[in-house]
Amino acid sequence: MQPLNTLSATEIVALTLNGTVNCETLARECLARVAAREPVVKAWAFIDLDQVLREAKALDSRANRGPLFGVPVGVKDIIETADMPTQMGSPIYRGYRTLSDAGCVAQLRAAGALIVGKTVTCEFAGPAANVTTNPHNAARTPGGSSSGSAAAVADFMVPFGFGTQTGGSVQRPASYCGIVGYKPTFGLINRQGVKPAAESLDTMGLMVRTVEDAALFMQVLTNSAKVQWLPADAPIRIGLCRTYAWKDADEATRNAVENAARRLEKVGFSVCDVALPPPCEGLPRTREIINDYERARGMAWEWNTHADKITDALGKSIRNGLVIPRAQYIEALEQVALCRHRVAALFTDVDVLLTPAADGEAPLGLAHTGHHRFQSIWTQLRTPTVTLPTDAGPSGMPVGIQLVGAHFADDRLLAIAQRVFALLGQGPRIEL
């Protein structure tokens, strides 16, 4: 049997539910991986090894075994946990504890998941980089702001991590770290107990290594039926959407997207070019207006009382948001709403869009977590998206592609993503 820490959540559940593997044994293998790699990767903001083993033993003694029985998970450190601090990547909240779990964490516990710890987040899920490194190359960023979750899943510490996306904080780290990143339709996963960044944009997301795992967790989190996987001969229509930001993509990303389109067409997929309709070219501007306006007001207490403990990068966003007039904010919301309506019409002729996931490989250095230009389009449009780690760049680092589905067509998107991933294959993985 392969090392237990390398198994997917779907594989783990098959073993734990029939008693082939117990939760404590599984937890020990995951913790051994953490011990071996955490000094370099720095994925965890909080982890108590003894507490994890106690919880694993308690799970083994349970008669009621849920659909995620024994699956180790990481929780982004802006998401509340009753038994662990929620420190939000900020000294302002050092040691801060809440009395309850966030709704999504409570759902996973009830389903039998093992909460291993809190994964590193950029400060308040914002632009300022934190300490996590890319597990493929410690000299490169893992992306942000869900940096710890992406790195922990990519490095085989846990098979699942929660992320959140306000700009590109799920899809970009997933692409940089070489894993599957799934951002559902806005609002499908409940956000109670999650520190807001910009509430009309904030979307819960999943960091996994397989599309099947994304579907499994969505069943638990949204009470959805099992995704019906597609037969090999199912007709699938792909819209190749380079977007207005195509010129900013590295050659590695352009090659990954266009090669994917050619390969899928050769095996029978219908592929056509699709352009984002106007006024979508204005989405970079509306994202900054909406993000800054909402963040400034949501962080009024932190700014008024602890501005000296907020980084310059986040402070700039707050200061900008405080002076944006309400009329400009409403105009931005209305422009985005028009874009949503017009983009929805694209899915009359295609099932999913194929588009870049990120500019290219993870950049060198840890000071900058990359740009959100290829992710924040879909965050604002509230469509479901999946990043698939299909390619390698010139430095051997992962490069992903992104599939985008129609609003609320999450199951269809996941089913197509599973077919695409099986056909295109996996890019670079961490060597054990």
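Could you please give the count of residues in region 251-291 that are within 30 Å of residue 315 (Cα to Cα) and touching a residue at least 40 places away in the same chain (Cβ under 8 Å)?
Going through region 251-291 one residue at a time, the tally reaches 11.
To keep it simple, each residue is scored yes or no on (1) within 25 Å of the chain's Cα centre (by Cα); (2) more than 20 Å from residue 398 (Cα to Cα).
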site: 214; (1), (2): yes, no
site: 233; (1), (2): no, yes
site: 240; (1), (2): yes, yes
site: 267; (1), (2): no, yes
site: 270; (1), (2): no, yes
Worksheet item: Restricting the search to region 1-22, which residues are open to solvent by 70 Å² or more (accessible area, probe 1.4 Å), under 30 Å from residue 137 (Cα atoms) and assigned to a loop (DSSP other than H, G, I, E, B)?
Response: 1, 2
Worksheet, complete the sentence: Apart from one, (1) open to solvent by less than 60 Å² (accessible area, probe 1.4 Å); (2) outside any strand (DSSP E or B); (3) farther than 20 Å from residue 248 by Cα all hold for residue 422; the odd one out is (1)
Worksheet entry | Close pairs (7 angstrom Cβ cut-off, 6 or more residues apart or separate chains): basic (Lys, Arg) in region 159-183, assigned to a helix (DSSP H, G or I) anywhere | 183/171
Fill in: Checking residue 377 against (1) in contact with a Ser or Thr (Cβ under 7 Å, 6 or more places away or on another chain); (2) open to solvent by 10 Å² or more (accessible area, probe 1.4 Å); (3) part of a helix (DSSP H, G or I), the condition it does not meet
(2)
Worksheet item: Is it true that some residue in region 71-80 is surrounded by fewer than 17 Cβ atoms within 10 Å (Cβ to Cβ) and more than 21 Å from residue 129 (Cβ to Cβ)?
Response: no
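Would you check which residues across region 308-321 are aliphatic (A, V, I, L, M) and within 16 Å of residue 199 (Cα to Cα) and list them?
If we filter region 308-321 for residues that are aliphatic (A, V, I, L, M), which is where we start, we get 310, 313-314, 318.
318 - this is the single residue of region 308-321 that is aliphatic (A, V, I, L, M) and within 16 Å of residue 199 (Cα to Cα).
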Discussion item. Filter region 79-118 down to the residues that are touching a Pro at 6+ places or on another chain (Cβ under 9 Å), in a loop (DSSP other than H, G, I, E, B) and aliphatic (A, V, I, L, M) and list them by number.
Written reply: 111, 113
Worksheet, complete the sentence: Selection over region 23-66 where residues are open to solvent by less than 70 Å² (accessible area, probe 1.4 Å) and not in a helix (DSSP H, G or I) yields a count of 7
Discussion item. Checking the structure you have, find out if any residue of region 144-151 is touching a helix residue (DSSP H, G or I) at 6+ places or on another chain (Cβ under 6 Å), of a type in the set (A, V, I, L, M, F, W, C), open to solvent by less than 10 Å² (accessible area, probe 1.4 Å) and in contact (Cβ under 8 Å) with a residue 60 or more places away in the chain.
Written reply: yes
Item to complete: Filter region 314-351 down to the residues that are in contact (Cβ under 8 Å) with a residue 60 or more places away in the chain and in contact with a helix residue (DSSP H, G or I) (Cβ under 8 Å, 6 or more places away or on another chain), then identify the one that is farthest from residue 200 (Cα to Cα).
Response: 351
Fill in: Lone unmet requirement of (1) under 26 Å from residue 66 (Cα atoms); (2) in contact with a helix residue (DSSP H, G or I) (Cβ under 7 Å, 6 or more places away or on another chain); (3) open to solvent by 30 Å² or more (accessible area, probe 1.4 Å); (4) not charged (D, E, K, R) for residue 127
(1)
Worksheet item: Got at least one residue in region 154-168 being modelled with pLDDT of 95 or more, small (Gly, Ala, Ser), open to solvent by 10 Å² or more (accessible area, probe 1.4 Å) and in a loop (DSSP other than H, G, I, E, B)?
Response: no
Worksheet entry | Which listed residue is among the basic types (Lys, Arg), open to solvent by less than 50 Å² (accessible area, probe 1.4 Å) and more than 14 Å from the chain's Cα centre (by Cα), from 226, 195 | 195
Discussion item. Against the condition closer than 19 Å to residue 336 by Cβ, at pLDDT 95 or above and open to solvent by 40 Å² or more (accessible area, probe 1.4 Å), how does residue 408 come out, does it pass?
Written reply: yes
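Listed here are the residues, each with its yes/no results for (1) closer than 25 Å to residue 129 by Cα; (2) open to solvent by less than 30 Å² (accessible area, probe 1.4 Å); (3) under 27 Å from the mean Cα position of the chain (by Cα).
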site	(1), (2), (3)
260	no, yes, yes
298	yes, no, yes
316	yes, no, yes
321	yes, yes, yes
330	no, no, no
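Could you tell me which residue of region 90-106 is farthest from residue 148 (Cα to Cα), considering only residues that are within 18 Å of the chain's Cα centre (by Cα) and of a type outside the set (Val, Ile, Thr)?
103
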Discussion item. Please determine whether any residue of region 23-40 is touching a Cys at 6+ places or on another chain (Cβ under 6 Å) and without any contact (Cβ under 8 Å) to a residue 60 or more places away in the chain.
Written reply: no
Worksheet item: If you go through region 343-362, how many residues are surrounded by fewer than 20 Cβ atoms within 10 Å (Cβ to Cβ) and over 18 Å from residue 286 (Cβ atoms)?
Response: 4
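The values are calculated or read from the model by the stated rules, or taken from the named source; none is laboratory data. Values in this document were obtained by computation on a predicted structure and should not be read as measured data. When we count neighbours, we look across all protein chains shown, and the Cβ atoms used for this are built from the backbone with ideal geometry, even at glycine. We work out accessible area using only protein heavy atoms, side chains counted, and drop any ligands, DNA or RNA first. Shrake-Rupley method; radii C 1.70, N 1.55, O 1.52, S 1.80 Å.
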